[in-house]
Structure formats: structure tokens, C-alpha cells
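As C-alpha cells, the structure follows; a few thoughts come after it.
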Amino acid sequence: MNGLRIEMAGRGASGDRTAITRFLAPAGIAVDGNRPGDIRVHDDRCFQRFLAHGTLGLGESYMDGWWDCKALDVFTERVLRAGLDRAFSRWALLLPWLRAKLWNLQHGRRAYQVGEVHYDLGDDLFEAMLDRRMVYSCAYWKDARDLDEAEERKLDLVCRKLGLERGMRVLDIGCGWGGFAAFAAERYGVEVLGITISRDQVALGRERCAGLPVEICLQDYRELTGRFDRVVSIGMFEHVGPRNYGTFMRVARRVLDNGGLFLLHTIGATRTRAHYDPWTHKYIFPNGHIPSMAQIDRAMEGLFVMEDWHNIGPHYDRTLMAWHENFERHWPRLRARYDERFHRMWRYYLLTCAGSFRARHNQVWQMVMSKDGVPGGYTPVR
């Protein structure tokens with residue numbers, strides 16, 4: 001969510017409360033109500049902060065303990081299903097829009113910023129939250145009993161879509177802690193080069209992939225050289241940025257062998273946006289941007305043939321709720337390193353994201369592409 005356009009009911013705290021109460025009513029959300037999606041206010045200053053700063057104020061006031069909600073995921077789903085996000089004012093988004101328009105937010109050293117701010121937060125946090133392979137992207141819950149199985153089913157789905165065969169050389173752009181690389185090497189006998197912009201991911205990824213034909217490097221995708229039978233990128237494209245989508249696709253084509261396949265797994269937006277969410281940008285993923293279908297299509301035009309486009313977005317709701325359950329269960333151990341404000345920030349991040357996917361506001365796409373078209377056609381894998 002972003003800056004709100006709300007009719008002011010009057011001056012002062014009571015007017016601010018009335019404005020927010022009226023705004024949330026169409027979503028079935030009450031102020032100081034008792035249902036799971038209602039908000040409980042502890043400090044009336046949250047209303048003015050919300051009105052003045054939009055979603056940045058909403059998230060920060062939650063982090064500061066000024067309001068609570070029994071189920072932030074339900075709150076977010078209701079807000080989005082009611083279309084309240086479309087009532088957000090343009091002025092609150094002016095600075096993010098200008099920044100995205102005037103600067104390449106993911107260029108040069110800025111490309112490494114998300115690694116330093118987010119992925120290098122602490123391996124203990126991600127080990128506690130994720131599955132045993134530490135796969136930090138949407139799982140595939142078809143016939144899966146738990147998060148470990150669901151993530152392995154996703155990894156196997158990717159391998160089958162790529163048609164991996166023993167002896168192939170595979171490039172993993174944005175390899176994380178090496179979850180896909182290790183799985184593909186173990187189960188399909190391939191050799192993998194993984195690149196990431198996180199120093200912590202390189203260190204732990206190399207440790208977790210020891211003894212396998214896997215190499216993990218600290219490297220920006222623009223620096224890639226060599227040729228590969230297959231190219232895969234899972235949950236990294238969200239950090240590329242609209243100004244660089246074309247460059248990303250050209251790099252993927254350049255390093256992919258003729259006759260090879262490229263699989264791109266990314267969160268997707270239902271509408272093209274030039275801006276970012278201020279709260280997410282400040283606290284979770286600096287410089288991130290969720291691509292739309294139109295943006296992806298423009299970037300790949302003339303470079304790839306789209307062989308398959310698969311939407312697994314509904315699976316991310318369950319994945320995020322599983323991550324949240326793990327995070328809360330391990331919080332007593334994590335609190336030695338992270339304070340209560342971080343606890344509330346991370347809970348807010350996971351649960352509002354879950355509500356967004358439940359409302360079908362965001363999607364998750366897996367696209368299989370070839371350079372010049374698969375002779376005879378590509379058979380989709382599900």
C-alpha cells in the first residue's frame with residue numbers, strides 16, 4: 001500500500017480517527033474492533049502519521065507499537081480486495097516516482113545494496129525461517145505436506161521444466177544460499193555456477209554446497225561471461241529494476257547456448273508501476289521493483305521466444321505463512337540478536353505480503369524461454 005487519499009473529517013486527533021475509520025469501513029475493518037482483521041489503536045498519533053506518510057507511516061507506527069492487529073494478513077487482504085489501494089494519493093508517491101524515473105536505482109554499487117541491507121541481515125534469521133535447503137522464494141504446495149516438501153517440489157518442477165540432463169552446465173542468476181544449485185547437482189547430475197550479490201550468501205552457500213559440482217560467486221549479472229546449457233533465475237528479477245530489464249535479458253541470451261532454455265521465476269504485478277512502496281524500500285528491499293507482464297514482454301522482445309508462462313502466485317500465501325510460523329516459533333532464540341522493533345517489522349513484512357498474494361494483488365510467474373523456439377514445440381510441465 002502507498003500514500004492514502006482520504007477526506008479529512010476535521011482538525012486534530014478526533015478528525016484523523018474519523019477519517020481513517022471511514023476509509024477502512026468499506027473493507028469491513030473496524031478501528032478498535034475485535035475481529036481478526038480489525039486494528040487496535042494504542043496511540044492516537046498513528047492516525048496523523050498514516051495520513052501524512054501513507055504506507056510508510058502505517059508500517060512505522062506498527063513497528064513502534066502504536067497499533068496492533070490479530071491478523072495482519074487478513075487486514076491486508078481486505079484492504080486490497082476492497083480496492084482501497086486505488087484510493088491512494090499521488091502526492092505521497094511523487095518522490096518514489098521521481099527517483100525511479102530519474103535514476104537507475106539498481107546500477108553499479110547500488111545493485112549490491114539489497115544484499116547488504118536484507119540478505120546479509122544474519123544467516124541465523126534465514127535458517128530459522130526457511131526450509132532445510134534455505135530456499136527464499138515461493139514454494140510449490142501441490143501434494144506437499146510441509147514447507148520442506150513444498151520447496152523441493154518447486155525445485156524439482158524447475159529442473160523438469162528446464163529438461164536437465166546429467167553433464168549439463170547450468171547458470172543460476174541470484175542463487176541465494178545455493179538451494180537450487182545443490183538440488184540440481186544432487187538429483188540431476190549437473191554442474192552449476194551460482195552468482196549472488198550477498199557476501200553472507202556466498203560464504204554459507206559454498207559451505208552448504210561443499211563436495212558438489214557447484215561454484216558460488218559474488219558477482220553482478222552484468223559481469224557474466226561464458227556459455228551454459230541452461231540458465232535459471234529464481235526470485236532475483238525483482239531486484240533488477242525496469243531500466244535494466246533489457247540488459248538482463250540480453251545477458252541471459254548471450255550466455256545461453258543455442259538450443260538451451262532459460263527459466264525466469266519472479267513475483268509479478270498485475271499493473272505496470274513506475275514507483276516502489278516507500279515502507280518496503282526503506283526497511284525490506286531497497287530499490288526493489290515488481291515487474292508487470294508488459295515490462296517483461298518488452299524486455300524479451302526480439303531476444304527470446306516465450307515457450308511457457310505458469311502462474312503459481314496462490315502458493316506464495318501459504319509459503320509466507322509457513323515462514324511466519326517458523327519465525328515466531330524461533331523468536332525466543334533470535335531475540336538475543338534482534339530487538340522487538342525488528343520483530344514487529346519482520347512480522348509486518350511477512351503477513352502483509354501473505355495478504356497481498358491471498359488477495360491476488362501480486363502473482364508469481366515461472367516463464368520458460370528459448371532463443372529461437374523449441375523445434376516441434378515445448379511441452380509444458382506442471
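Annotations for the structure displayed:
- Out of R230, R253, sole residue that is crowded, with 17+ Cβ neighbours inside 10 Å, of a type outside the set (G, A, S), over 21 Å from the mean Cα position of the chain (by Cα) and outside any strand (DSSP E or B): R253
- Scan the range 133-148 for residues that are out of contact with any Lys or Arg (no Cβ under 9 Å at 6 or more places or on another chain) and surrounded by 16 or more Cβ atoms within 10 Å (Cβ to Cβ) and the total you get is 1.
- Filter result (touching a strand residue (DSSP E or B) at 6+ places or on another chain (Cβ under 9 Å) and closer than 17 Å to L351 by Cα) within the range 21-56: I29, P36, G37, D38, I39, R40, T55
- So Y316, is it in the same structural domain as M249 (by TED's automatic domain parsing), in contact (Cβ under 8 Å) with a residue 60 or more places away in the chain and either over 24 Å from Y140 (Cβ atoms) or touching a Cys at 6+ places or on another chain (Cβ under 8 Å) (or both): yes
- Residue in the range 314-336 that is touching a helix residue (DSSP H, G or I) at 6+ places or on another chain (Cβ under 7 Å) and of a type in the set (D, E) present: yes
- Just one residue in the set G33, G28 is on the phi < 0 side of the Ramachandran plot and outside the structural domain of M321 (by TED's automatic domain parsing); that residue is G33.
- Of the residues V170, V214, V202, the single one that is surrounded by 19 or more Cβ atoms within 10 Å (Cβ to Cβ) and touching a Gly at 6+ places or on another chain (Cβ under 7 Å) is V214.
- Screening R243 with (1) over 30 Å from E60 (Cβ atoms); (2) out of contact with any Lys or Arg (no Cβ under 6 Å at 6 or more places or on another chain); (3) of a type outside the set (A, V, I, L, M); (4) in contact (Cβ under 8 Å) with a residue 12 or more places away in the chain gives one miss only, at (1).
- The set of residues from the range 204-227 being in a loop (DSSP other than H, G, I, E, B), in contact (Cβ under 8 Å) with a residue 24 or more places away in the chain and closer than 22 Å to E127 by Cβ comprises C209, L212.
- Failed item in (1) closer than 22 Å to P286 by Cβ; (2) buried (at least 19 other Cβ atoms within 10 Å of the Cβ); (3) charged (D, E, K, R), with R222 passing the rest: (2)
- Identity of the residue in the range 341-382, β-branched (V, I, T) and buried (at least 21 other Cβ atoms within 10 Å of the Cβ), that ends up nearest to L58 (Cα to Cα): T352
- E191 surrounded by fewer than 21 Cβ atoms within 10 Å (Cβ to Cβ), in the same structural domain as E165 (by TED's automatic domain parsing) and closer than 19 Å to K161 by Cα: yes
- Of all residues in the range 183-203 being touching a Cys at 6+ places or on another chain (Cβ under 9 Å) and not in a helix (DSSP H, G or I), the one that is farthest from L224 (Cα to Cα): V190
- For the range 235-249, the set of residues classified as under 13 Å from the mean Cα position of the chain (by Cα) and part of a helix (DSSP H, G or I) consists of F237, E238, H239, listed by residue number.
- Pairs with Cβ under 6 Å, 6+ apart, first in the range 188-201 and under 20 Å from C159 (Cβ atoms), second of a type outside the set (V, I, T) and part of a strand (DSSP E or B): E191/R169; V192/D172; L193/L171; L193/E215; G194/D172; I195/C217
The values are calculated or read from the model by the stated rules, or taken from the named source; none is laboratory data. What you see is a predicted model; the values in this text were computed from it and never measured. Note that each Cβ is placed from the backbone with ideal geometry, even for glycine, and that neighbours are counted across all protein chains shown.
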